[in-house]
Amino acid sequence: MAAPAVTIVVPVYNEEANLRPLFARLAATMDATGRPWEAIFTDDGSRDASAAILRELHAARPDVVRAIEFERNAGQHMAIMAAFEHARGDIVVTIDADLQNPPEEIPKLLAAADAGHDVVGSIRRNRQDVGWRVYASRAMNFVRERITGIRMTDQGCMLRAYRRGIVQQIVATGEQSTFIPALAQYFAANPAEIEVEHAARAAGESKYDLYKLVRLNFDLMTGFSVVPLQMFTIVGMLITALSVILVGYLMLRRLIIGPEAEGLFTLFAILYFLVGVVITGLGLVGEYVGRIYNEVRKRPRFQIRAIHEKLE
Ligand code: UDP
Ligand code: MG
C-alpha cells in the first residue's frame, strides 16, 4: 500500500448490514477518481459481526482497506480520532457507516479541498432523520453558534474533508471529550461549506439516544466555550439585584402596612425557581469539572485491540 492521496475515515458501531454496500459504493467512487486512496475503518467495540466483516474487507482489498479494532466502545469522535492518528492522505474525509452520507458526494469535497480549502464542511440537503431530531438539532446548532462563536451551518453532518495539517493539529490536542468538526473549524484558515445529499439510515438503528445526544452537545458547548459559566454568573448577579429590590420593598411594606402571612405559595414558587436555578448552576459547573477530571487523569482515550493493514 503506497502512501495515498486521500484517506477515508469511517467510524463503525454495530453496522454489520451496512459495511459491504458502503464499501462497494465507496470503492467504486474512489477508484473512479483515479487518486490513490485508503479507507480506515474503526470498529468502535461493536457487538455484532462488524469487526469480522471489516477483516473480510481487508482480506479482499488489502491495498485500500485498513481496520482498527477497539476493545470497547469509545464513541464516534474517538473512533475518528484513532483513524486520524493513522491517516496518511493529504486529504482526509470522514463519512458515516450507515449510508446516510452518500459516498458519491466525496468527489465534491475533494474538489473543494483542491481549490485550496483546508476544511470542507457540508450541509445536508433534505435531511432524512426522524422529525424531532431535525428540529432539536437545528435549535442546538443555533445555540451552539451563539455560545461558541464557531461558524458551521450544519454541525451534525459528518461528511467532511480536512487537509493533512488540520488533522495533525486535531490529533495533537489529545482531547478526550471533543467534537471533531468544531475542532477542525477552530483550526481552519480557509474553510468552505458545500451542500451534500442525505439519505435515511440504510439498516440498523441510530446509535444516539437522547441521553447520548445531550452528552455530545454538552461536549461541544463546554469544549469550545466558557460562555455558559459567564452567563450563569451574570444571571446570578441579576437575580441578586432583583432580590435586593424585593427585600427593600418587603421591608417598607412591613413598616407601613404591618406583618402579613399571605403570599405563602408565591414564596414557594419563587423559592422553587431559585433552587432550580442553583441546581442547574451546580450541574453546569460539574459538566466542566467532570471533563477537567477526565482530562487530567490522562487515561487512554481508547484501547486498540488490533490493527489490520498491509503497509509498504
Ligand atoms: N458510531 C460510532 N460509535 C458510537 C456511535 C456511533 O462509531 O458510539 C458511528 C456509527 O456507526 C455511524 C456514525 O458513528 O457510522 C454515526 O452514528 P449514527 O448514524 O448512529 O448517528 P446519527 O446519524 O443517528 O446521528
Ligand atoms: Mg446516521
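The values are calculated or read from the model by the stated rules, or taken from the named source; none is laboratory data. Note that the structure is a prediction, hence the values are computed from the model and not measured. Positions of Cβ are backbone-derived with ideal geometry, glycine not excepted, and every protein chain shown enters the neighbour counts. SASA here: full protein model, heavy atoms, side chains in, ligands and nucleic acids out. Shrake-Rupley method; radii C 1.70, N 1.55, O 1.52, S 1.80 Å.
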Scan of the range 39-53 for residues that are within 16 Å of ligand 2 (Cβ to nearest atom) and within 14 Å of M81 (Cα to Cα), ordered by number = F41, T42, D44
inquiry  = Exactly one condition in (1) touching a strand residue (DSSP E or B) at 6+ places or on another chain (Cβ under 7 Å); (2) more than 30 Å from I40 (Cβ to Cβ) is false for F302; which is it?
reply    = (2)
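Among E295, E309, which is at pLDDT 95 or above, open to solvent by less than 100 Å² (accessible area, probe 1.4 Å) and of a type in the set (D, E, K, R)?
Residue meeting the stated conditions: E309.
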Tabulated pairs, the range 182-211, first of a type in the set (F, W, Y), second away from ligand 1 (no atom under 16 Å from the Cβ), C-beta under 6 angstrom, 6+ apart or interchain = F187/I166; F187/Q169
ask   = Of the conditions (1) surrounded by 10 or more Cβ atoms within 10 Å (Cβ to Cβ); (2) within 16 Å of ligand 2 (Cβ to nearest atom); (3) acidic (D, E), E205 fails just one. Which one is it?
value = (1)
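So, A79, is that one farther than 20 Å from R301 by Cα and either out of contact with any Ser or Thr (no Cβ under 9 Å at 6 or more places or on another chain) or within 16 Å of ligand 2 (Cβ to nearest atom) (or both) or not?
Numbers: farther than 20 Å from R301 by Cα: no; either out of contact with any Ser or Thr (no Cβ under 9 Å at 6 or more places or on another chain) or within 16 Å of ligand 2 (Cβ to nearest atom) (or both): yes.
Against the criterion (farther than 20 Å from R301 by Cα and either out of contact with any Ser or Thr (no Cβ under 9 Å at 6 or more places or on another chain) or within 16 Å of ligand 2 (Cβ to nearest atom) (or both)), A79 does not qualify.
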note = By residue number, the members of the range 208-221 that are open to solvent by 60 Å² or more (accessible area, probe 1.4 Å) and closer than 18 Å to D96 by Cβ are D209
message = If K207 meets every condition in (1) under 23 Å from R151 (Cα atoms); (2) touching a Phe, Trp or Tyr at 6+ places or on another chain (Cβ under 6 Å) apart from one, which number is that one?
response = (1)
ask   = Hey, any hits in the range 226-241 for a residue that's among the β-branched types (V, I, T), surrounded by 11 or more Cβ atoms within 10 Å (Cβ to Cβ) and under 28 Å from V93 (Cβ atoms)?
value = no
key: Residue selected from the range 124-143 under the condition closer than 17 Å to F179 by Cα and more than 15 Å from ligand 1 (Cβ to nearest atom), by the criterion least open to solvent (accessible area, probe 1.4 Å)   = V143
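Among the residues of the range 174-202, count how many are farther than 29 Å from Y288 by Cβ and either within 13 Å of ligand 1 (Cβ to nearest atom) or open to solvent by less than 30 Å² (accessible area, probe 1.4 Å) (or both). Step through it out loud before you land on a result.
Keep residues of the range 174-202 that are farther than 29 Å from Y288 by Cβ, which gives 190, 192-202.
Keeping just the survivors that are either within 13 Å of ligand 1 (Cβ to nearest atom) or open to solvent by less than 30 Å² (accessible area, probe 1.4 Å) (or both) gives 192, 196, 198-202.
Residues that pass the stated criteria total 7.
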inquiry  = Suppose we filter the range 110-123 for residues that are open to solvent by 10 Å² or more (accessible area, probe 1.4 Å) and within 16 Å of ligand 1 (Cβ to nearest atom); how many remain?
reply    = 1
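Among the residues in the range 239-256, are any within 16 Å of ligand 1 (Cβ to nearest atom), free of Cβ contacts under 8 Å to residues at least 12 places away in the same chain, part of a helix (DSSP H, G or I) and basic (K, R)? Before the answer, list the steps.
Quick first cut of the range 239-256, residues within 16 Å of ligand 1 (Cβ to nearest atom) only: none.
Scanning the range 239-256 turns up no residue that is within 16 Å of ligand 1 (Cβ to nearest atom), free of Cβ contacts under 8 Å to residues at least 12 places away in the same chain, part of a helix (DSSP H, G or I) and basic (K, R).
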